[in-house]
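Worksheet: the structure to be examined is printed underneath.
Read-outs: derived from the displayed coordinates by stated rules, not from any lab. Keep in mind it's a predicted model, so treat the numbers as computed, not measured. Please note: Cβ atoms are built from the backbone with ideal geometry, for glycine as well, and neighbour counts cover all protein chains shown.
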Amino acid sequence: MPKTAISVTLDGDNLLWLKGRAAATGSRSVSDLLDRLVAEARAGGAVGPVKSVVGTIDIDPEDASLDAADEAIRAMFDESLRRPLIARERRPRDGGSRRPPEARQRKRRG
């Protein structure tokens, strides 16, 4: 099915999250990620919000008592720290300075 361009208005924090997820998952773009998220939601067939986490975690049958869980979690955490973090400071909506008030006052006095 051909794709159709649309305009979407998002909260700045949600857009930043989407950009981060797109980078972390190797998506080609935010549009690609959004398309995949919608397709997955539609395929899931959920009518309302999910209320249970049953079946959302896979436990290794060879480690059912989670003896190696600490090591596995540490490895995933270390891997996540190696990924680049995309963060941008947003300019205040009022067009003001990003510097804290006390820094602006020092500049005026000095």
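Based on the Cβ-Cβ distance from SER29 to GLU71, what FRET efficiency comes out when R0 is 25 Å, to the nearest 0.05? So the FRET efficiency works out to roughly 0.10. For region 7-19, backbone phi angles converted through the Karplus equation (6.51, -1.76, 1.60; θ = phi - 60°) give residue-by-residue couplings of 10, 10, 9, 10, 5, x, 5, 5, 5, 4, 4, 4, 5 Hz, Gly and Pro being listed as x.
Each peptide in 13-22, 69-78 was scored by the mean count of other Cβ atoms within 10 Å over its residues; highest first, the order is 13-22, 69-78. Once the C-beta distance of GLU79 and ASP58 is scaled by a Förster radius of 22 Å, the resulting FRET efficiency is 0.80 to the nearest 0.05.
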